[in-house]
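S.K.: Structure below; questions to follow.
The values are calculated or read from the model by the stated rules, or taken from the named source; none is laboratory data. What you are looking at is a predicted structure, and each value in this text was computed from that prediction instead of being measured. With ideal geometry, Cβ positions are generated from the backbone for all residues, glycine too; neighbour counts draw on all protein chains shown. For the accessible areas, the whole protein counts, side chains as well, though only heavy atoms, and no ligand, DNA or RNA atoms are used. Shrake-Rupley method; radii C 1.70, N 1.55, O 1.52, S 1.80 Å.
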Amino acid sequence: MRWSAAIPAAVLLYLCLGALLIAQRPGLYDDEGMMAAGTVHMLYSSGEFRLPHADHSWVCKSGRCMPLMAESRYIGAVKDWLCLPLFALFGPRVAILRLVSLLLGAIGIAGFGFFAARQAGRGAGAITAFALALNPSYAAALIFDNGAVAATMAALGLVCAAAAIYAARPTARAAFATGLAAGFGIWARANFLWTLAAGAAAYAIVYRNWRFPARHWVAAGAGGILGGLPFLIYQTKSRGGTLEAMGLFTASQPFGQLLRYRLFLFADTLLADGEHRRLWGGLGAMPAWVLWTCALAAAAACAACMVAGRGRFARFAALAFALLTGYLLATRLEVAEHHMIAMIPPAVLVCVLAGAGLQARYRSAWVVSAAAALLYAGGALYWQAAAVRGLHRTGGVGLWSDAVF
């Protein structure tokens, strides 16, 4: 296979694996369904969809009302709009909602793989894309999207792709596209700002270059305003409704207890997160040695990239991953397992870059890299198959069961 065809092949693999999960038809989790409740309302009513805890999240003009934000004031109405033409054609269907989520995940893989290929070579981009395509946590969290993370992964792919294009040929148009994708990501879910901040801080520390032409800053700012315009309109109408909502979700546990719990979430998420193993009753099935081997491998790869990485890009990727992980472990805001999905793309990338760095230094290191890749692929496919079998057997359990609502 030529490297140029590898990223599309990885996306196709992800789509096939995701279609298998969707075909098992587990029940619709309440938060997952709320991401398209506004779509159904727009189809059958011209009025506002009123929610007592989310005032000002709709705007009305010329007798028609349209959503700015979903039922959670920090989640944008991205899926409401993406599902609208499809629901209008085929009716409100769970499969359509999940196919939209699946396609958003595909955009994330394609964009992030393109970014890795432009910065670290086509081989690194291809392996990164395939590793993401195989990852069970990435697939389940995005397809059965109870945390509205699918749109943020698409935004990450779009930001990275636009930034890679800008790095290769700095133009105002590329700067505008980067800002547009970043603004879209913040509208999709406000905590996408964490990922952007980690990347920007890592870039500032490693590359130490913010001397871009003024017109490029203006273009990026204009793109950001346009991409995040619904979010900005909502903040103006609600006088900071997102900040108010996020202020309600603060962790009260002692820091040590919080850190231990989040370290577990971090390790659990890297391969097959427990939040989505609950879909089919697979909670607690992850062996401890698998859990902590994945976490230690990611930490070791991050350290290797920082200390002995090939070029500044490896150090940038490692530092961005470390900063994002550190924030998620230490913040006083509530962090659920689906928030940890943001770490999977940078974790995959630093592992790929660490392997490339080892192979450049030691001729025999390809054996270690190949063994690690085979172990990862085998584990990922095992948990993908377990999820399909479990969903086929149970049809979804607990909050993912049709019997709940």
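S.K.: Could you please report the charge total around ARG277, scoring K, R as +1 and D, E as -1 over all other residues with beta-carbon less than 14 angstrom from its beta-carbon?
M.R.: -1
S.K.: Still on this structure, please answer the following. What ratio of Cα Rg to 2.2 N^0.38 Å holds for segment 263-405?
M.R.: 1.18
S.K.: Skipping prolines and chain starts, which residues have an amide H placed within reach, meaning under 5 Å, of the one on TRP58, given they are 5 or more residues away or on another chain?
M.R.: LEU68
S.K.: What ³J(HN,Hα) values, in whole Hz, does the Karplus curve 6.51 cos²θ - 1.76 cosθ + 1.60 give for segment 261-277 when θ = phi - 60°, with x put for Gly and Pro?
M.R.: 5, 6, 4, 5, 4, 4, 5, 5, 7, 4, 10, 9, 5, x, 4, 9, 5
S.K.: Can I ask one more? Starting from the 7 Å offset along Cα-to-Cβ, what nm value, one decimal, do you get for the label separation of ARG260 and ALA167?
M.R.: Between ARG260 and ALA167, the simple spin-label model gives 4.0 nm.
S.K.: Taking only the alpha-carbon positions of segment 10-71 and ignoring solvent, what does the Debye formula give for the base-10 log of I(q)/I(0) at q = 0.12, 0.22, 0.30 Å⁻¹?
M.R.: -0.46, -0.86, -1.26
S.K.: Quick query: amide H of LEU333 versus all other amide H atoms, modeled in the peptide plane; which residues come in under 5 Å with a sequence gap of 5 or more or a different chain?
M.R.: Under 5 Å from the amide H of LEU333 lie the amide H atoms of ALA251, each far enough along the sequence or on another chain.
S.K.: Which percent of Cα pairs goes in each bin when the distances of the chain are cut into 20 angstrom slices starting at zero?
M.R.: 27, 60, 13, 0
S.K.: Which whole-Hz ³J(HN,Hα) couplings does segment 182-196 yield from phi under the Karplus relation 6.51 cos²θ - 1.76 cosθ + 1.60, θ = phi - 60°, glycine and proline marked x?
M.R.: Values, residue by residue: 5, x, 4, x, 5, 5, 4, 7, 4, 6, 4, 4, 4, 5, 4 Hz.
S.K.: Next question, about the same structure. What is the percent carbon and sulfur in the accessible area of the chain, measuring with a 1.4 Å probe over the protein chains and ignoring ligands?
M.R.: Carbon plus sulfur share of accessible area: 67 percent.
S.K.: Would you mind giving the three semi-axes, in whole Å and largest first, of the ellipsoid equivalent to segment 210-313 according to its Cα gyration tensor?
M.R.: Ellipsoid half-lengths, sorted descending, are 36, 26, 15 Å.
S.K.: Which whole-number value in Å² is the accessible area per residue of segment 180-219, probe 1.4 Å?
M.R.: Each residue of segment 180-219 exposes 52 Å² on average to a 1.4 Å probe.
S.K.: Net charge within 11 Å of ALA37 by Cβ-Cβ distance, Lys/Arg positive one each and Asp/Glu negative one each, not counting ALA37 itself?
M.R.: Combined, the nearby Lys, Arg, Asp and Glu give -4.
S.K.: If you don't mind, there's one more thing I want to ask. With a probe of 1.4 Å, find how much accessible area segment 50-145 has per residue, and write the answer as a whole number in Å².
M.R.: Per residue, segment 50-145 has an accessible area of 38 Å².
S.K.: Let me ask something additional. Over what distance in Å are the Cα centres of segment 164-225 and segment 317-349 separated?
M.R.: Rounded to whole Å, the Cα centres lie 19 Å apart.
S.K.: Strictly greater than 25 Å: what percent of every Cα pair in segment 1-150 meets that?
M.R.: The answer is 38 percent, as a whole percent.
S.K.: Please list, ordered by chain and number, the residues whose modelled amide H lies under 5 Å from the amide H of ARG189; skip anything fewer than 5 residues away on the same chain.
M.R.: Placed amide hydrogens put GLY76 under 5 Å from ARG189.
S.K.: Moving to a separate point now. Could you order TYR362, TYR207 by accessible surface area, starting with the largest, using a probe radius of 1.4 Å?
M.R.: TYR362, TYR207
S.K.: While we're looking at this one, here's another question. GNM on the chain, C-alpha springs below 10 Å: top fluctuator among SER364, SER62, SER101?
M.R.: Most flexible of the set in this elastic network: SER62.
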